[in-house]
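The structure appears below as structure tokens.
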Amino acid sequence: MKLKERVTLVTGGGSGIGRAIALRFAEEGAHVIVAGRTPAKLQDTVAALGSGRTKRCAIQTDVSSSASVRAMFTEIDREFGRLDVLVNNAGIGIDDFEQFNRTVEARGREFASGEPMRTRWNLTQEMPDDVWHRMIAVHLDGTFFCTREALRLMTRTNSGVIINVSSTAGLTGQEGAPHYSAAKAGMLGFTRAVAREVASQNIRINAVCPGFVDTPMSEGYAPAFKRATMARIPLGRWGTADEVAAAALFLASDDGSYFTGQSLSPNGGIFIS
Ligand code: NAD
């Protein structure tokens with residue numbers, strides 16, 4: 001019971017990594033609030049959490065809207081009066097898998113045939129403003145809006161833990177995803193700065209940087225891309241949402257009590273620094 005009676009909030013808790021974190025936190029005795037855009041998915045997670053002694057609930061929110069985030073925290077304050085753990089997990093992935101897969105496959109064919117690589121990404125020069133802004137809004141604005149509200153609750157008790165779900169894309173850059181990589185790297189800078197700011201109030205903030213993980217977000221990758229990435233992963237496979245949840249639990253619990261401003265990267269060895 002590593003999170004006994006702690007009030008925890010997981011954004012994007014309706015699927016994938018967020019759902020796995022919510023399940024893990026509930027098993028460890030936490031009160032669990034899952035937040036996200038789609039009520040049906042959130043209710044599904046709440047049902048999977050079962051009916052323990054602690055509370056489980058869902059709040060519909062769009063993390064990219066400060067008004068929506070503020071309304072969510074008002075509700076949390078009213079229902080629970082405190083927040084012990086925030087996981088900024090909500091996120092979006094590549095918007096145009098068709099183009100991504102086409103480019104990866106064409107480059108793979110050129111590479112295998114030994115011909116000069118003629119297929120270019122051209123993503124950055126062709127990216128419309130709205131695609132860039134949406135990516136930054138969900139990951140970076142969302143992390144800021146939720147962290148700002150969470151700190152207002154956590155500084156009342158002078159305790160708390162925040163975990164930002166970044167990515168290896170934020171550490172190394174991911175081809176085909178400049179906006180995603182920028183957003184995830186931004187989350188790491190934010191994590192480090194806020195860690196310094198709030199450490200004296202006994203609040204820890206860390207990041208988790210997963211590598212490739214099987215979730216609904218990664219379903220659009222072509223099998224050829226999946227095989228190519230597996231060949232680059234020393235452990236020879238993609239990760240599971242449960243393996244990311246284990247890292248989040250470590251940081252959220254007292255086991256991670258001397259960690260702040262850090263990033264833990266469950267990535268099978270694809271990035272070793
Ligand atoms: P997912 O699509 O299953 O989960 C993302 C969740 O965030 C969804 O439930 C979605 O509804 C929610 N969401 C999206 N926009 C939102 C918004 N504006 N407001 C509230 N909720 C919103 O994908 P996942 O793989 O579980 O992703 C979880 C996190 O892990 C993301 O931040 C993602 O970038 C990160 N990540 C994923 C991988 C991977 O390979 N799957 C790797 C590294 C990092």
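So in the range 130-158, with the set limited to residues that are hydrophobic (A, V, I, L, M, F, W, C) and open to solvent by 20 Å² or more (accessible area, probe 1.4 Å), which one is farthest from Gly93 (Cα to Cα)? The extreme case among them is Leu151. With respect to (1) in contact with a helix residue (DSSP H, G or I) (Cβ under 6 Å, 6 or more places away or on another chain); (2) away from the ligand (no atom under 15 Å from the Cβ); (3) among the charged types (D, E, K, R), the lone exception for Lys2 is condition (1).
Does the range 249-260 contain any residue that is within 13 Å of the ligand (Cβ to nearest atom) and open to solvent by 10 Å² or more (accessible area, probe 1.4 Å)? No, the range 249-260 contains no residue that is within 13 Å of the ligand (Cβ to nearest atom) and open to solvent by 10 Å² or more (accessible area, probe 1.4 Å). Figure legend. Inter-residue proximity from the range 82-107: first residues within 16 Å of the ligand (Cβ to nearest atom), second residues of a type in the set (Asp, Glu) and at pLDDT 90 or above, beta-carbon distance below 9 Å, spacing 6+ or different chains. Indicated pairs: Leu86/Glu149; Ala90/Asp62; Phe97/Glu219.
Condition check: within 22 Å of Arg19 (Cβ to Cβ), open to solvent by 50 Å² or more (accessible area, probe 1.4 Å) and touching a helix residue (DSSP H, G or I) at 6+ places or on another chain (Cβ under 6 Å). Does Asp242 satisfy that? The answer is yes for Asp242.
Scanning the range 79-103 for residues that are over 14 Å from Gly176 (Cα atoms), surrounded by 20 or more Cβ atoms within 10 Å (Cβ to Cβ) and not charged (D, E, K, R) turns up Leu83, Val85, Leu86, Val87, Asn88, Asn89, Ala90, Gly91. Within the range 28-38, restricting attention to residues that are closer than 17 Å to Gly16 by Cβ and surrounded by fewer than 23 Cβ atoms within 10 Å (Cβ to Cβ), the residue that is farthest from the chain's Cα centre (by Cα) is Thr38. Among the residues in the range 223-241, are any assigned to a loop (DSSP other than H, G, I, E, B), within 24 Å of Val85 (Cβ to Cβ) and within 13 Å of the ligand (Cβ to nearest atom)? Within the range 223-241, one or more residues are assigned to a loop (DSSP other than H, G, I, E, B), within 24 Å of Val85 (Cβ to Cβ) and within 13 Å of the ligand (Cβ to nearest atom). Among the residues of the range 198-210, just one is within 16 Å of the ligand (Cβ to nearest atom), part of a loop (DSSP other than H, G, I, E, B) and either out of contact with any Pro (no Cβ under 7 Å at 6 or more places or on another chain) or open to solvent by 20 Å² or more (accessible area, probe 1.4 Å) (or both), namely Cys209.
Quickly run through the range 159-192 and pick out the residues that are assigned to a loop (DSSP other than H, G, I, E, B) and surrounded by 22 or more Cβ atoms within 10 Å (Cβ to Cβ).
Ser166, Ser167, listed by residue number.
When the range 63-78 is filtered for residues that are without any contact (Cβ under 8 Å) to a residue 24 or more places away in the chain and surrounded by fewer than 16 Cβ atoms within 10 Å (Cβ to Cβ), the ones remaining, listed by number, are Ala67, Ala71, Thr74, Glu75, Arg78.
Among the residues examined, Thr119 qualifies as in a loop (DSSP other than H, G, I, E, B), within 25 Å of Ala224 (Cα to Cα) and more than 16 Å from the ligand (Cβ to nearest atom). Phe25 meets the conditions (1) closer than 29 Å to Ser159 by Cα; (2) among the aromatic types (Phe, Trp, Tyr); (3) open to solvent by 60 Å² or more (accessible area, probe 1.4 Å) in every case but one. The failed one is (3).
The values are calculated or read from the model by the stated rules, or taken from the named source; none is laboratory data. Quantities reported herein were computed from a predicted structural model and do not represent experimental measurements. When we count neighbours, we look across all protein chains shown, and the Cβ atoms used for this are built from the backbone with ideal geometry, even at glycine. These accessible areas exclude ligands, DNA and RNA; they are computed on the full protein's heavy atoms, side chains included. Shrake-Rupley method; radii C 1.70, N 1.55, O 1.52, S 1.80 Å.
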